[in-house]
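Structure record follows, encoded as structure tokens.
The values are calculated or read from the model by the stated rules, or taken from the named source; none is laboratory data. Since the model is a prediction, treat every value here as computed from it, not as a measurement. Here Cβ is always computed from backbone atoms with ideal geometry, including for glycine, and neighbour counts include all displayed protein chains. To get the accessible areas, we keep the full protein, side chains included, count just its heavy atoms, and leave off ligands, DNA and RNA. Shrake-Rupley method; radii C 1.70, N 1.55, O 1.52, S 1.80 Å.
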Amino acid sequence: VQLQASGGGLVQTGGSLRLSCAVSGSRFSINVMGWYRQAPGNKRELVGTIGNGGTPIYANSVKGRFTISRDNAKNTVYLQMNSLKPEDTAVYYCWVVLTGPVSYWGQGTQVTVSS
């Protein structure tokens, strides 16, 4: 199973970015898709997740600014990030849970928000 994340980059405070993560190589259904992030010196933390047909859940720190969505036909999860803040700077990892259950991580994509 491979998770290919893209869309990271450098943006100014208040700007927007959209991350994508495409899953390939799985014989099993994808149950949960989501995003975590890890800033330097910090533990990896949940950004948000979305179940198969379910309602997304978000960390309090990103509620109202970030939106998670998924395209089941493309096995892809998205993270739309608006009103970005310097404290959103981190490596963002996509994460999926397949039927089993078994989980996989993507390789991470850097998001840097300048002040």
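For this structure, a couple of remarks:
- Selection from region 1-21 of residues that are surrounded by fewer than 12 Cβ atoms within 10 Å (Cβ to Cβ) and either at pLDDT below 95 or assigned to a strand (DSSP E or B) (or both): Gln2, Gln12
- Filter result for Ser61 (free of Cβ contacts under 8 Å to residues at least 60 places away in the same chain, among the polar types (S, T, N, Q) and outside any loop (DSSP other than H, G, I, E, B)): no
- Counting only residues that are open to solvent by 20 Å² or more (accessible area, probe 1.4 Å) and either in a loop (DSSP other than H, G, I, E, B) or more than 15 Å from Arg18 (Cβ to Cβ) (or both), region 64-107 holds 24 of them.
Okay, residues lined up against (1) loosely packed, with under 14 Cβ neighbours inside 10 Å; (2) among the charged types (D, E, K, R); (3) in a strand (DSSP E or B):
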position	(1), (2), (3)
Val23	no, no, yes
Met33	no, no, yes
Tyr36	no, no, yes
Lys43	yes, yes, no
Ile50	no, no, yes
Thr55	yes, no, no
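- Condition met for Val77 (in contact with a helix residue (DSSP H, G or I) (Cβ under 8 Å, 6 or more places away or on another chain) and among the hydrophobic types (A, V, I, L, M, F, W, C)): no
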